[in-house]
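Novice: Encoded as C-alpha cells, here's the structure I'll be asking about.
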Amino acid sequence: MVGVKPHVLRYWETQFKMLRPKKGRGGARMYRKRDVEILFEVKQLLYENRFTIAGARRKLLDDRQNREQMELTFARTDREEMLRALRNDLEALLAQVQSGNGANARARKGSGARKPL
C-alpha cells in the first residue's frame, strides 16, 4: 500500500514512536488511518526530500507540536467566547432575579402573606 517492503515498515516503527499499529491475534499489524498518513509522510521525507531518519523524526515531531499548538489556540478562543457568553447569561439572569425579588418583596409586604418559592 505504501510501496515499501515489510521489513522497512518494521524498522520505521522502531524509529518513529508515533507509529504504533495495533496487532491482531495472529500478530498481524492493523494500521489505522493516521498510521498510514504518517507512513506516507515518512516515505516522502526520506525518499523524496532526502531527509535522514533523525531529520524526518524531528520534522514530524515539530509539525505535530505546531499542529497541537494551533488547535489549542482555537480551543482556547472558543472556550473564552463560551465563558463570555455564559457570564452575560448569568448576569442577565441575576438582573431578572433581583428585579423579580424586589417585586415579590413589595407584593409580600403589601399582602401580608408569603408566596412559596
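Bear in mind that the values in this text are calculations on the coordinates, not laboratory data. The model shown is predicted, which means the values in this text are computed figures rather than measured ones. All Cβ positions, glycine included, derive from the backbone under ideal geometry; neighbour counts span all protein chains shown.
Novice: Taking R0 as 41 Å, what FRET efficiency do you get between Leu94 and Arg64 from their Cβ-Cβ distance, rounded to the nearest 0.05? It would help to have the intermediate numbers written out before the result.
Specialist: Values: r = 44 Å, r/R0 = 1.08.
Calculated value: 0.40.
Novice: In whole Hz and in residue order, list the ³J(HN,Hα) couplings for segment 16-25 that follow from phi through the Karplus curve 6.51 cos²θ - 1.76 cosθ + 1.60, θ = phi - 60°; x for Gly and Pro.
Specialist: Coupling constants for segment 16-25: 10, 5, 6, 8, 9, x, 6, 10, x, 4 Hz.
Novice: Any aspartates and glutamates with Cα under 13 Å of the Lys22 Cα? List them, leaving off those in the same chain fewer than 8 positions away.
Specialist: Partners found: Glu13, Asp35.
Novice: Treat the count of other C-beta atoms within 10 Å as a stand-in for reagent exposure and order Tyr47, Tyr31 from fewest to most.
Specialist: Tyr47, Tyr31
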